[in-house]
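Taken together, the values in this text are just the output of simple stated rules run on the coordinates, not laboratory data. Everything numeric here is computed off the predicted structure, so don't read it as measured data. When we count neighbours, we look across all protein chains shown, and the Cβ atoms used for this are built from the backbone with ideal geometry, even at glycine.
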Amino acid sequence: MIKFQNVVKRFDNFIALDNIDLEINKGSAYGLLGSNGAGKSTILRLISGIYSAENGTVEIDGERVFDNAHVKEKVFFVNDETVQFGDFTLDELSQYSKMFYPNYSDDKFEELWEILKLPRKNKLASFSKGMKRQAIVICALASQPDYLLLDEAFDGLDPTMRIIVKRMIVDAMVDNQMTVVISSHNLKEIDEFCDTVGLLHKGKIVFNRDLDSVKGNVHKVQTAFDKEYREDDFDDLELLHFDKRGSVVYLIVKGSEDEITTKLNKMEPKILDIIPLSLEEVFIYEMEGLGYEYSSIEG
Amino acid sequence: MNTALSRVRSNKAFKYYKFKNKRNSKSWIVALVLNLLGLPMMYIAQNIFYSKKLTTVIDAGKMFEQYQINVSIFIGIGMFCIAISAIAGIFIVFSSFDYMYNKSLVDMAYSAPLSGTTRYTADFLSGLTIYLSPYLIGGIIGFIFGGITNLRIEEEFRVIPDLSTILPIFLGVGVAMLMAYALTTFVSVCCGSLIEAVTYTLILNAIIPIAILVTVFGAMNNIYGILQDEIAFNLTAVTSPMGVLMGTIQSSIDGYMDGTENFIYNARHLLPILLITAAAIVGAFLLNKRRKAEDCGKPFVFKVLYYILISVVTYCIITAHFATTITKVSIASAIIISAVIYFILEVITNRGFKRFWVSAIRYVATALVIMITVGPFVKTDAFGLFYRVPDINSVRSVELTYRYYDMYNQYYDNDIAIEVMFKDKDKIADIIEFHEKTLKNYKSEKITQNSKEDIYDFFQENYIFGNTDISYKMKNGTRIRRSYNTDNNEYEIIKHLEDTDEFKDATIKMIEKRLTRAGKISLIDAINEEQITYLDPVMSEQENLDLLSEAIAKDIRAGVKIFNQDLSVKKLGRLEVLRSEEDLSVIWGIDITEDHINTISFLTQKGYSSFFSVGKERFPRADVGLYNLYLIKTDEFIGNSVYDEYKEYSVNDLYYSHITSFEPEQMESARGLVVNDKVRELASNLEEFRGKSLPKYLVKFGSKLFSVPGEFDSLADEVFNSDVAIEVENFYEMMLEESDEVIAEFIKEVTK
């Protein structure tokens, strides 16, 4: 299990993570969501032992990560850059990984390579971005870490390759009880892949829940009334968004469906439709609720 | 369990080290090729170009010259290759620690399952291996080839110096490389950007020797008695790679010239070099532990290095103002230049003009601190620190270095030093008294070192007493070293120390040391210095050199002064030590006087007796006289000038100029002599000219001046007006234009 306790991370005067508490269970697929600069990559770098926290502790399986080679052997970090292994060939990258990871399996590497058929003797610098990703991912999976950290790992992969790579990762999760932590702006991907998500904003965790409860806790409501209602009239509800077009009112509301239905029925609606939200919509409206402009959100 | 775990970890560290070596293998191959083109190639070239013909062909001069040129070209190429490898190779540090400046690489390095210590150590050692191992391999192969070469090629045909000469240079360069690597690593750890790492590595390497030189020759320029050159050399040669290189080269030259030990073999020099290197390595290691991944990309991770360096740059420029004899920089210019450089560095490091006012305040504070410390330091001659005379009770011993300047012999080693150690309390007390008097004179008369040298413009003595170096060894283990220009008055206090056993032993030791390096010995006639006798090569063999030094030692113990200043003692000749049979350059020499009984006896036994006879036969034959013997009427030659300076100048002319360089009116008063009986009679009554008072006639024979005693003036008049005395102008005209037969006939005619 990955555990953050009161973690503070500063970069000079900028607070990247502000007193974070976080637990990621073993074997889960955890998605990190957040606006740009929210602290997602910082969390991944803290887990992989690249950064040390100014305050608090980051532990994996009860041991501190930073400067702990033994714990780091359990973690493989695939960052959002591809230039760092540019002067390696695939075989050299494999050897490099083998040097550090005790569970590294040549058979696994060959098995994965058979699927992707990447050039083995060419420098990675000559690969396309997607091919570099594939190369790094197969080395990561051949290393058989307990924890795989992926920072925008599917970036650059074509749709077919995305499916193949995802399947590889899922297989590894099933086979090895591997925990995957993904940071991505592609919410659809996280929606498909993760069972738990955490939303970060300005260095703080907005929520950290399993995906179903996240999606089940926010609803889109389409309703119409005889009376004229303004936004203030819905104070009983935890509104994330309010929109009115003619007599139809569109609401994004936090809370259970029953609770929302009960409260709105008291206002005698003519029409009342409650529709569950996609993760992407949850993200957008949650962020809007935190004052984050829609126009500046990627994904 | 723990042992097994640590074994796995160390195995991983070694694997990582090997992996890094493999990654840098291209650089290593390039460096190896460069180093193989160094020493090994030099020796191979010497073997290729050497031919047996050089030893068998009688007139192999041109062949030998060509052989030397060919080998020298490869020596040049070899040195260039080694230099390139040593200088460019240092960039391996930036390659080994590339993740410190490259944000893309930092994740890869820091996320790898290695502890920071393991990663840093492996990277450090890998870089060091890539940097130093080609140099060591090249050196070892070179020395093996060198050894093989020595078996084949005789010593006089070797263009490349022997292992004993090359080894200290090789070690010195190696130590300089190690130091450069350590300092570069230190700077690298302090920087987060490659530009800063490279720039400040260069600045650090340059600023250390510059700061020392500026301090010694700028801030300490006016302090009387300190050994500036020695302090500067001792400090620069041990504090920076550049200094170590310069020290190695300088020390090798000195070693070749006078056989002194190379500085790299001396623990006193080696220890600080290794300490600084170790400090840089440990400092880099500790700082790296505090370095964070996110520091990558910042110009400076540990800004204190930057502040120190720009402060030192500012210090150097401002302090250079005090070394006016070197730089001619006014204080205003120094401040303007230092400010401009300071702000340029600030703008580069801050990547713009942000918080420029903070830079301005920092500069003003730095400049003020420098001025209020350096200013009073210079004005008070380092607060009088160097003018303190040690208390006798705290002195363990004193080494006194007597420096004599050989006036007549302008070979390189004309500064002859005798180092004498005194432990006796009374003698130490005399030295302290001498020290106090010298300083008292300096303080009261404000005699500068330069003006004091004028006192020694006294030409009659062969040896003048120049500097006295005093080196106190204190009871607390420290040393105090001073050097003073000493006048006769001050020297009187310690003159009696010349009669001590310590002085005699030191003199003998100095002579023994110098004689061991004799490749050939020559004897020069005191009267006719153009008469040089080269001693048989057998005299330069160790056995005879030992006997010679033993004979000289006996004379010294009997009270003979090697550096004789007593003009009443008759000088018979001069013994000179030459470099070798082929290279007749003079290493040093001593005067042989009539008191050198044992030395003369030894040389006489060996068949060199005529040299020391004082009879008439020492005067030249008639034709030799024609070139060397002149009779000079002094009143006409010097003139009736009322100015002593002019008279002195004219007398000096007689000493130092060849007779043909006289002015026309002076040439009128000089006659070249053909030797006949009258001339011999006159010569046998000559006295050595002391320069105290001018006689009517002077005789110049070779490079010596003799005065004609008053009672022989009429004889001199007679000779001057006779046929054997020829006007100098006619004399040379005849020499240039007439045949040998005509000259012989002329000599015959005038000597009838």
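Can you tell me the dipole magnitude for chain A around its Cα centre, using point charges on the Cβ only (Lys, Arg +1; Asp, Glu -1), in Debye to the nearest 20? Walk me through the numbers before you get to the answer.
Working: 35 positive and 53 negative charges, 149 e Å.
In total the dipole reaches around 720 debye.
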Candidate cut points under GluC sites (Glu not before Pro) in segment A:192-283, DSSP loop plus at most 15 other Cβ atoms within 10 Å of their own Cβ, are A:228
Prolate/oblate/rounded call for segment B:125-226, Cα gyration tensor, a/c under 1.5 rounded: oblate
Could I get the Rg over Rh figure for the protein assembly as shown? Both from C-alpha atoms, Rh via Kirkwood, rounded to two places. 1.19
Could you list the GluC sites (Glu not before Pro) in segment A:18-109 that lie in coil according to DSSP, counting only those with at most 14 other Cβ atoms within 10 Å of their Cβ? A:54
Using Cα positions and a limit of under 14 Å, work out the aspartates and glutamates in reach of residue B:700, with same-chain residues fewer than 8 apart set aside. B:529, B:530, B:653, B:687, B:688
Among B:206, B:384, B:281, which residue has its Cα positioned farthest towards the positive end of the charge dipole of the protein assembly as shown, with +1 placed on the Cβ of Lys and Arg, -1 on the Cβ of Asp and Glu, and the dipole taken about the Cα centre? B:281
Could you run the Karplus curve 6.51 cos²θ - 1.76 cosθ + 1.60 with θ = phi - 60° over segment A:49-62 and give me ³J(HN,Hα) per residue in whole Hz, x for Gly and Pro? x, 6, 9, 10, 7, 6, 9, x, 10, 10, 10, 10, 6, x
Euclidean distance between Cα centres, segment B:159-173 to segment B:78-133, Å: 29 Å
With x for Gly and Pro, the residue-by-residue ³J(HN,Hα) of segment B:226-233, computed from phi through the Karplus equation 6.51 cos²θ - 1.76 cosθ + 1.60 at θ = phi - 60° and given in whole Hz, is 7, 8, 4, 4, 5, 4, 4, 5
If you put +1 on each Lys and Arg Cβ and -1 on each Asp and Glu Cβ, how big is the dipole of the protein assembly as shown around its Cα centre, in Debye rounded to 20? 4180 debye
Between 0 and 90°, nearest 10: helix A:90-100 axis offset from chain A longest Cα axis: 90 degrees
For chain A, treating each Cα as an identical point scatterer without solvent, what Debye log10 I(q)/I(0) comes out at q = 0.06, 0.10 1/Å? -0.24, -0.62
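So if I place +1 on the C-beta of Lys and Arg and -1 on the C-beta of Asp and Glu, and nothing else carries charge, what would the dipole magnitude of segment A:3-118 be about its Cα centre? I want it in debye, nearest 20.
On the way: 12 positive and 20 negative charges, 81 e Å.
Around 380 debye, computed over segment A:3-118.
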Got a sec? Charge dipole of segment B:1-160, +1 on Cβ for Lys and Arg, -1 for Asp and Glu; which of B:111, B:99, B:142 is way out at the positive end? B:111
Tell me what the protein assembly as shown gives for mean residue ellipticity at 222 nm when only DSSP H runs of n ≥ 4 count, each as -39,500 (n - 2.57), the sum divided by the residue total, rounded to 500 deg cm²/dmol. -16000 deg cm²/dmol
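Can you give the average number of partner chain beta-carbon atoms within 10 Å of each beta-carbon in peptide B:101-108, as a whole number? Working shown, then result.
Numbers: counts 0, 3, 3, 8, 5, 5, 13, 9.
Partner Cβ neighbours, averaged per residue: 6.
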